[in-house]
Amino acid sequence: MAQTGWRDAPDLPDFSLLKRLARDQLIYLLEQLPGKKDLFIEADLMSPLDRIANVTTLKQHEVDKLYKVEHKPIFSTSDQLCFLIRPRVQTVKWVCDIVNADKAVGRFRQYKIIFTPQKFYVCDTVLEEQGVYGDVTTDEWGFYLLPLDDDIISMELPEFFRDNFLEGDQRWVTTAGSALHLLHSLYGPFNKLYGIGRTAKMAYESWRELLEEGEQKPQKPDIGNVFLIDRDVDFVTPLCSQVVYEGLVDDIFRIKCGSVEFGPDVTSSDKSIKVMLNSQDKVFNEIRNEHFSNVFGFLSQKARNLQTAYDKRQGMDIKQMKTFVSEELKGLKQEHRLLSLHIGASESIMKKKTKQDFQELLKTEHSLLEGFEVRECISYVEEHINRQVSMIESLRLLCLLSITENGLLPKDYRSLKAQYLQSYGIEHLLTFANLRQLGILVEQQPGETLTVMESKVGKLVNDKTAGKLTETFSSLAKKSNFRALSRRLTLVPKSDEEYDLRVPKDMAYIFSGAYVPLSCKLIEQVLERDGWTGLEEVTRMISGHEFAVSGGSNGGEARVKTDAQRIILVMFLGGCTYSEIAALRFLGKEKGLKFIVVTTAITNSGRMLEALLDH
Amino acid sequence: MAFVTANWNPLGEAFYRKIELYEMGWNLRDGLRDCLIAAAPYGGPIALLREPQRRSPSARPQLEIYSASGSTLASFAWKSGVVRQLGWTVCDDLLCIQEDGTVLIYDLYGTFKRHFSMGNEVVQNQVLEAKVFHSPYGTGVAIITGAFRVTLATNIDDLKLRRLPEVPGLMEAPSCWAVLTQDRQSKVLLAYGADLYLLDNTSCIPVTPPGLSPQANSIVSMCVSFSYKYLALFTDTGHVWMGSANLKDRLSEVDTKVRSPPKQMAWCRRPKSEQPSVVIMWDRHLLVVGTCKDTIQYHLDDETVLVPELDGVRLISSTHHELLQEVPSACEEIFKIASMAPGALLLEAHKEYEKESQKADEYLREIKEQSLLGEAVRQCVEAAGHEHEPDTQKTLLRAASFGKCFLSGFPPEQFVSMCRDLRVLNAVRDYIVGIPLTHTQFKQMTTQVLIDRLVYRKLYPLAIEVCRYLKIPEYQGVSRVLKHWACCKVQQKEEADEVVARAVSIKLGEAAGISYSEIATKAYECGRTELAIKLLEYEPRSGEQVPLLLKMKRSQLALSKAIESGDTDLVYTVVTYLKNEMNRGDFFMTLRNQPVALSLYRQFCKHQEQTTLKDLFNQDDDHQELGNFYVKASYKEKRLEARLSLLQSAVDEYNKAKNEFAAKATEDEMRLLRFHRRLEEDKGEHLMGMSLQDTLQILLSIGLHKQAEQLYKDFRVPDKRYWWLKLTALADKEDWEELEKFAKSKKSPIGYLPFVEVCVKRHNKYEAKKYVSKVTPEQKVKAHLAVGDLEGAAEVAIERRNENEISTVLSQCSASSDRALLDRLNRARNATGKK
């Protein structure tokens, strides 16, 4: 650890308030429709809803049966139907179909649509076009934020990424602004806000507008500073394979709304088990941020400790035994259960990931990040595609290749694309169109050969092997923003030093010491400099929209470093990965800060690329 | 000052005073004779219509509007029909009720606002009499028609006409009538001879006032108090009956000894007073009648009108404007001759103090001994509020302030707010402004309404002063006034747009909570579109600009403003609007210039209107997107022919977009589909829709090597891929013979390590070993290890002197069984290490 001697990091504010608010509001809305009613819920709202109000709570407020909103006829006998949905055209249409089907058979019921977190005008248009506008009543449930853990809050809006960055549909920006406003009114006033990215700027402005309209009660702030960042500022980080335990679990088992379902291969029984993954889980809490190579060590140590605790039983008299059973045994058993689950999960991960292939995959990724042996990487990717290893993985490598190299050579671009289409079908023509639009997978433009001398020199210095000169020259023709950014911010540590993953020295540990995530590095730098001064070149390369402004009306006075000022809220617009969260937790520990991550959704390479497919 | 009580007259227990408010500034040649006249309560304006019956076009009656001090606000010739009655609404609008039942509404400055009709029945039978009344529900109008039926509207802003039931036997005009507000509805009390009827929505009930002297043959006049609580009736015998409006109690009955019917009657009572009284007016003669047997008589020099107020009656004649009221108790206590009330003593003490006389102390001591000093101060402050003369006010306030010095912890609020109120009241009572409000009225009316009235009279500077002085929050105060000012300013047609816009922006610049869009809307309503647009530019919230811009048909501008606001709902509103307003071509062109709106609309079309989406791309000549569109459409298509034709369209579009790659890929797909079809026809294998790779895989696995070979050639599948495919397929089938043949067919582009690996995967080490020798030197160690040949691996590694490889082998050796090998390897490693 570079710095010690910090005071204890401040306590995090209590975010369960957000849940309570959401629940109360939902109950209020349900009671607006008195009497028994059936509740239809949008599929991806089920898990978040469960965190806010479980079935018992819903039943208490006269919800009779629960259904998923689907595009098929319904079999409800209730006279009151309530729909809890996202403001999506598709879903609204489904609801319209239900209403129209009832009308066709002359059935009369009460319909109420609750949109969350807000209703869009377009929903009304659809209702109108489908001729049911007068038949339904609508409401909004301002459920913007779901606390997943002590320091993670999710908006649970995975579509934010595609809608905003690919489709250019900015409708969710105001939602993000409202979410920020909610946090501000509960935990503000903010002292300072920093941000980078177009959407971040817009979300900030939308928040500002809300702020001007309403009045802020003077209160002691819980959150000092805020950092807003667009996902498209840094695509490299989410595209890398995650090797931190929590990230790995997400990559392999997919954590959904803070809980994961471990299949039979993990539980070593024939059942699947659903586990909540958060700081309540003592075992998980200790290993979530660890590099995977350390996890086994931790777990076996833990197992030994557990055994010792159990062993205490020997030589106890009856009385001691009684207290042991009543006080400790339950905890131990619980811990035991979790421990065996995590060991199972680790084993399953080991099976999948420690094979030769995975090592080679990581090696390729690291080479790409370093810009080293690029030709070999390309052949690796090619083989990957040819052997149909995995549709998403191949795509991920292609994207990583393109971003780190600032586009593929036209020859490579065509041949890789052609091979990919042969492997996975022509429909991916659209996927490629999307990726190109987003700038994740592009062809180098022939005119873009100008590279400054500096980059050439830098490159030569960076490459430790002189034998790779040819390699270097072939990649000289490209203007590489990632490469330049990486140099300027030293994202890729010198590889000749041994990196001890047990005692990480910087945030790069989350990628085995090969790469410091750009997003987190930016946050670190800006907080250190209290703004963007000195980072002009960096912001120019990211193509900016950066800002640093003081927050609420009375932000200027608080010069004293209060506890709140050491609590930093980072809002990822378009999703963030568990690796990034781990990196920020590490940064927090180093600097005596506490980070709260607010994200539109938890993402990883798989989710991100799947969002860009066109089915 | 000396004779405060000079104009006091006793009536029973109470005193009445008549204060002169103004000497009228108007110049009426014929006085108030032959006039319809209406004065608004709360010191409101006065409307005058001269000779209303005149109909000849050459000499039209003149409608004049004056302030309460008699300065002209408006004057114009009346060109509409014959007016029966004038009246004022609660917000100072003038109502002119014509004989055909049409009601015309004018503002204070004689600008026509709107009109409404009292219904067909009234049109037919004409208006006999009309009354304008005020209630908590707004301003109402009641009419008695020529058919002696009553039609009534409780609130003219929410017009609901009610025709009240017929009065049995009513064959001529009622002798008198009044509108009451009881039980949350308006009723009419109507006298016909000696009979009284109460009419409500559904019924007509005969009523008898308790204790009305039986001699009376007819009730000739009646009036209701300001609060609708009390009723007074005047009979042909000259008796005045006073009682509650619900006709349950009688207060008193007084014989006035005058038998002729009075010209006007009005209640004169201050709130909470125990002493109600009625003012009755005949020509030249005014009588104040209370509950006691006494009366007060005044002589009138001139034609006069009574205007009932909350706390008195105003008397307006052609020369003077006076207020007749019961002397408020605080004033009475202080000024009554020889009063020993604490307030009176304090006033005296202060007088002595100013004279520097030690008597001041005596008086003070006297009050303090009874510990009534607080009471004394309160009395003085209160009395000051009721006094009209600033000098008297000052004297009283000074006395109060003096008394306050001898009190500790006396709450200052009453004193301070009274000073403020009086300052405001004196300002509005000024002759120029002409709103003679009493303090009681002011409190009832609230500051907010007073400011509204000032604004309505376009007294903007005064209104702003009042707001600032009373420290009204900017949003409700100054900003609101400024907004009204600006709305008025934009109606001044003689000034150029540029000038007005600049003037407005300079004045309003820093005020909080100003809505420029509201002002702009006003400008637009006055037909000044250009000005409206200019004003909108000052509106900081772009969202606010959009609705008006749409109304003004500046849709392009509205769209960019909506986008600027960042509110996608707003953008969408404009887009929907445009879609309905414009023809398709223009609509698409507009969207083309606005990417945000375009993508929003595209999102919508994707779900709702696929064909529109296509048109949209067509319009833009976006061939790339069109190509994608067709490709997407092709998946949804089940029939092969349709699918092919969609793909062909995609190819055409991609070609137009110069995207050779995509065109080629799509063509390949078409070829593949045709191939699938042939395969289905020939071999009955259903592979439709599979990717090239999957197709090959299946072909190889079911042994259709010839077809696979053909695909491999036709589609120029890379050698490596093909080898991998065939290798895996053969190994999966465990067709080792074919595999060996394949390995020997030509040099493997993927090397021979994969051969070893697939065999091992199938647990066939025997076959695997066949290929080990063919593996390139770099991969040989791996190959040997894969088949479990440690010796061989060690051999190669040592031979190659590769430290890494030696280590890899070492890690696979177990200490017990491979002793010798371990030693050899270690030695070799040391050797390479040294070198």
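Key figures for this structure:
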{"read-out": "Near pairs, Cβ below 8 angstrom, 6+ apart or cross-chain, from segment B:569-590 (within 14 Å of another protein chain (Cβ to nearest Cβ)) to any residue that is of a type in the set (Lys, Arg) and buried (at least 20 other Cβ atoms within 10 Å of the Cβ)", "value": "B:Asp569/A:Arg171"}
{"read-out": "Given (1) of a type in the set (Lys, Arg); (2) farther than 30 Å from B:Trp724 by Cα; (3) in a helix (DSSP H, G or I); (4) within 14 Å of chain A (Cβ to nearest Cβ), index of the condition B:Lys658 fails", "value": "(3)"}
{"read-out": "Options B:Asp652, B:Asp668, B:Asp694: the member that is open to solvent by 10 Å² or more (accessible area, probe 1.4 Å), in a helix (DSSP H, G or I), at pLDDT 80 or above and away from chain A (no Cβ under 14 Å)", "value": "B:Asp652"}
{"read-out": "Tally, over segment B:569-628, of residues that are of a type in the set (Val, Ile, Thr), open to solvent by 20 Å² or more (accessible area, probe 1.4 Å) and under 14 Å from B:Ser555 (Cα atoms)", "value": "2"}
{"read-out": "Odd one out for A:Ile114 among (1) in contact (Cβ under 8 Å) with a residue 60 or more places away in the chain; (2) among the hydrophobic types (A, V, I, L, M, F, W, C); (3) within 14 Å of chain B (Cβ to nearest Cβ)", "value": "(3)"}
{"read-out": "Residue among B:Lys638, B:Lys658, B:Lys632 that alone is under 25 Å from B:His607 (Cα atoms), of a type in the set (Lys, Arg) and modelled with pLDDT of 80 or more", "value": "B:Lys632"}
{"read-out": "Meets criteria (in a helix (DSSP H, G or I) and under 30 Å from B:Ile280 (Cα atoms)) for B:Ala330", "value": "yes"}
{"read-out": "Any hit, segment A:493-502, residues being over 30 Å from A:Tyr245 (Cβ atoms), open to solvent by 20 Å² or more (accessible area, probe 1.4 Å) and modelled with pLDDT under 65", "value": "no"}
{"read-out": "Spans of strands (runs of 3 or more DSSP E) in segment A:190-286 with at least 3 residues in contact with a strand residue (DSSP E or B) (Cβ under 7 Å, 6 or more places away or on another chain), open to solvent by less than 60 Å² (accessible area, probe 1.4 Å) and not hydrophobic (A, V, I, L, M, F, W, C)", "value": "A:192-196"}
{"read-out": "Those residues of segment B:9-56 which are over 19 Å from B:Ile316 (Cα atoms), open to solvent by 20 Å² or more (accessible area, probe 1.4 Å) and in contact (Cβ under 8 Å) with a residue 60 or more places away in the chain, in sequence order", "value": "B:Asn9, B:Pro10, B:Gly12, B:Glu13, B:Phe15"}
{"read-out": "Long-range neighbours under 7 Å by Cβ, at least six apart or interchain, first residue touching a residue at least 60 places away in the same chain (Cβ under 8 Å) within segment B:246-268, second surrounded by fewer than 17 Cβ atoms within 10 Å (Cβ to Cβ)", "value": "B:Asn246/B:Gln182"}
{"read-out": "Some residue of segment A:125-132 being over 30 Å from B:Gly566 (Cα atoms) and either in contact with a helix residue (DSSP H, G or I) (Cβ under 9 Å, 6 or more places away or on another chain) or away from every other protein chain (no Cβ under 13 Å) (or both)", "value": "no"}
{"read-out": "Output for segment A:264-286, where each listed residue is closer than 23 Å to A:Ala601 by Cβ and without any contact (Cβ under 8 Å) to a residue 12 or more places away in the chain", "value": "A:Gln280, A:Asn285"}
{"read-out": "Output for segment B:733-785, where each listed residue is charged (D, E, K, R), surrounded by fewer than 18 Cβ atoms within 10 Å (Cβ to Cβ), in contact with a helix residue (DSSP H, G or I) (Cβ under 8 Å, 6 or more places away or on another chain) and free of Cβ contacts under 8 Å to residues at least 24 places away in the same chain", "value": "B:Glu738, B:Lys765"}
{"read-out": "Segment A:386-435 - residue that is within 7 Å of another protein chain (Cβ to nearest Cβ) and at positive phi and, of those, least open to solvent (accessible area, probe 1.4 Å)", "value": "A:Gly425"}
{"read-out": "The lone exception for B:Ala330 - which of (1) over 24 Å from B:Trp241 (Cβ atoms); (2) open to solvent by less than 30 Å² (accessible area, probe 1.4 Å); (3) in contact (Cβ under 8 Å) with a residue 60 or more places away in the chain it fails", "value": "(3)"}
{"read-out": "Subset tally (residues that are facing chain A (nearest Cβ under 8 Å) and over 21 Å from B:Thr666 (Cα atoms)) for segment B:607-626", "value": "2"}
{"read-out": "Residues satisfying the stated conditions in segment A:119-162, i.e. under 23 Å from B:Tyr577 (Cα atoms) and assigned to a helix (DSSP H, G or I)", "value": "A:Tyr121, A:Val122, A:Cys123, A:Asp124, A:Thr125, A:Val126, A:Leu127, A:Glu128, A:Glu129"}
{"read-out": "Residues (out of contact with any His (no Cβ under 8 Å at 6 or more places or on another chain) and open to solvent by less than 20 Å² (accessible area, probe 1.4 Å)) located in segment B:283-303", "value": "B:Leu287, B:Val288, B:Val289, B:Gly290, B:Ile296"}
{"read-out": "Positions within segment B:593-612 being closer than 16 Å to A:Thr125 by Cβ and part of a helix (DSSP H, G or I), in sequence order", "value": "B:Ala597, B:Leu600, B:Tyr601, B:Arg602, B:Gln603, B:Phe604, B:Cys605, B:Lys606, B:His607, B:Gln608, B:Thr612"}
{"read-out": "Considering residues of segment B:75-92 that are free of Cβ contacts under 8 Å to residues at least 40 places away in the same chain and not in a strand (DSSP E or B) only, the residue surrounded by the fewest Cβ atoms within 10 Å (Cβ to Cβ)", "value": "B:Lys79"}
{"read-out": "Candidates A:Leu18, A:Leu58, A:Leu84, A:Leu29 - the one that is open to solvent by less than 50 Å² (accessible area, probe 1.4 Å), touching an Asp or Glu at 6+ places or on another chain (Cβ under 8 Å) and in a helix (DSSP H, G or I)", "value": "A:Leu29"}
{"read-out": "Residue in segment B:57-71 that is surrounded by fewer than 18 Cβ atoms within 10 Å (Cβ to Cβ) and in contact with a strand residue (DSSP E or B) (Cβ under 6 Å, 6 or more places away or on another chain) present", "value": "yes"}
{"read-out": "Whichever residue in segment B:163-182 is in a strand (DSSP E or B) and not hydroxyl-bearing (Ser, Thr, Tyr) and, among such residues, is nearest to B:Thr235 (Cα to Cα)", "value": "B:Cys176"}
{"read-out": "Selected residue (only one of B:His676, B:His686 is away from chain A (no Cβ under 12 Å) and either surrounded by 17 or more Cβ atoms within 10 Å (Cβ to Cβ) or of a type in the set (Gly, Ala, Ser) (or both))", "value": "B:His676"}
{"read-out": "Breaking point among (1) within 14 Å of chain A (Cβ to nearest Cβ); (2) in a helix (DSSP H, G or I); (3) closer than 20 Å to B:Ala665 by Cβ, for B:Gln710", "value": "(1)"}
{"read-out": "Any hit, segment B:518-531, residues being assigned to a helix (DSSP H, G or I), open to solvent by less than 10 Å² (accessible area, probe 1.4 Å), closer than 26 Å to B:Val481 by Cβ and among the small types (Gly, Ala, Ser)", "value": "yes"}
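The values are calculated or read from the model by the stated rules, or taken from the named source; none is laboratory data. Because the structure is predicted, anything quoted here is derived from the model rather than measured. Here Cβ is always computed from backbone atoms with ideal geometry, including for glycine, and neighbour counts include all displayed protein chains. These area figures cover heavy atoms from the full protein model, side chains too; ligands, DNA and RNA do not enter into them. Shrake-Rupley method; radii C 1.70, N 1.55, O 1.52, S 1.80 Å.
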